[in-house]
Amino acid sequence: MLSKRKIWLNGSFVPWSKATVHLMSHSFTRGSAIFEVMSVHPTPRGPAVFRLDDHLGRLQNSAKLIDMPLPLSLRALHNAALATVAENRLDRGIVKLICYYGGVEFEVIPNQKTVSVAVVAANPARDLGTAYYAGRAPARAAVSRWRKYHPQTVPIHCKAAGNYLSPMLAKQEVRERGFDIPIMLDTQGFIAEGATESLFLVKNRRIQTAPLSLVLPGITRRSVIEVARRLGYTVLEKKMPRAELFRADEAFYTSTSQKVWPIASIEKKKLPAPGPVTAQLLEAFQKITAGQDPRFRKWLAVVKR
Ligand SMILES: Cc1ncc(COP(=O)(O)O)c(C=O)c1O
């Protein structure tokens, strides 16, 4: 149950119900909180956080992009994440680390630059009483009418709460049309990504994804590219017109919560889910996250109990 979870807040653990902010805090009213969501997996050496330090590197970059002074070193954040998993006796699930301006502000800028840090660890499948994160069916995707933010309007590499209004609208829109996850195009019409997922297409066994100039640098995206190249696949990061969606042999999303998520259809076009390339990547990631592939154990930060 979520209410039994402990949240790490600025250096100590507090009960779930006590981890609150003021309604007039800058991060609540202006969306300035930055965050990372990481996955936790059971491994033979104990529960492990997937690519913890890479997530923290992205967090540090998000902070730089909005000029937010992080109050703790990356080492301290690393320790806080592992301590929160241990405190909550989590063996699988997610850790969410949030940095925010908790001070009351009336202006659009945070005049008080005091940053709070919170770390939440939960098992959504168990704590929310749903199978939301476990064994999801292949995704039904559709192109949304909402476009990704143009990189000259907001820093799109910044994982800030305020950047999530457009994915929220896109996902709401395609859900209403009977699909699961949007495919978002950039403002010029090139294929970008999902709502909170990176997107990959496979054509003639070549794997393609949008370049980093258009999308968030997904940690899973980067991991899939590395694993696929090691498996001998050619992976291209390139701008793709929308028509390529309908020429693909296979497609999949990647994200922290799902890792490799096969796409069963893009609007009316049906796809094998998983297709052979996607299936190979799925299997590789199951082994990697379970700590069964020695080449990638470096990606697992094990929680000491
Ligand atoms: C916009 C966006 N793209 C892609 C992703 C996938 O990134 P990751 O693999 O790091 O979870 C996310 C994750 O939340 C996201 O918000």
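The values are calculated or read from the model by the stated rules, or taken from the named source; none is laboratory data. What you are looking at is a predicted structure, and each value in this text was computed from that prediction instead of being measured. A quick note on method: Cβ atoms are made from the backbone with ideal geometry, for glycine too, and the neighbour counts reach across all protein chains shown. Side chains included, ligands, DNA and RNA excluded: accessible areas come from the protein's heavy atoms. Shrake-Rupley method; radii C 1.70, N 1.55, O 1.52, S 1.80 Å.
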### Query
Does any residue of segment 55-67 turn out to be more than 24 Å from VAL215 (Cα to Cα) and at pLDDT 95 or above?
no
### Message
Checking the conditions here, which among THR196, THR220, THR254, THR187 is near the ligand (Cβ under 10 Å from one of its atoms), among the hydroxyl-bearing types (Ser, Thr, Tyr) and in a loop (DSSP other than H, G, I, E, B)?
### Response
THR196
### Summary
If we ask which residues in segment 26-65 are among the small types (Gly, Ala, Ser), more than 14 Å from the chain's Cα centre (by Cα) and buried (at least 21 other Cβ atoms within 10 Å of the Cβ), their number turns out to be 4
### Task
Looking for whichever is hydrophobic (A, V, I, L, M, F, W, C), open to solvent by less than 20 Å² (accessible area, probe 1.4 Å) and under 19 Å from the mean Cα position of the chain (by Cα) here; the options are VAL154, VAL174, VAL119. Which one fits?
VAL119
### Message
Out of LEU201, LEU214, I need the residue that is in contact with a strand residue (DSSP E or B) (Cβ under 7 Å, 6 or more places away or on another chain) and more than 13 Å from the ligand (Cβ to nearest atom). Which one?
### Response
LEU201
### Message
Would you confirm whether or not segment 79-93 contains a residue that is polar (S, T, N, Q), closer than 20 Å to TRP8 by Cα and open to solvent by 20 Å² or more (accessible area, probe 1.4 Å)?
### Response
yes
#### Entry: Boolean, PRO274 is touching a Pro at 6+ places or on another chain (Cβ under 8 Å), in the same structural domain as PHE285 (by TED's automatic domain parsing) and part of a loop (DSSP other than H, G, I, E, B)
yes
### Message
If I filter segment 168-187 for residues that are under 30 Å from LEU82 (Cα atoms) and touching a residue at least 12 places away in the same chain (Cβ under 8 Å), do I get at least one hit?
### Response
yes
### Criterion violated by GLU226 - all others in (1) without any contact (Cβ under 8 Å) to a residue 24 or more places away in the chain; (2) charged (D, E, K, R); (3) within 10 Å of the ligand (Cβ to nearest atom) satisfied
(3)
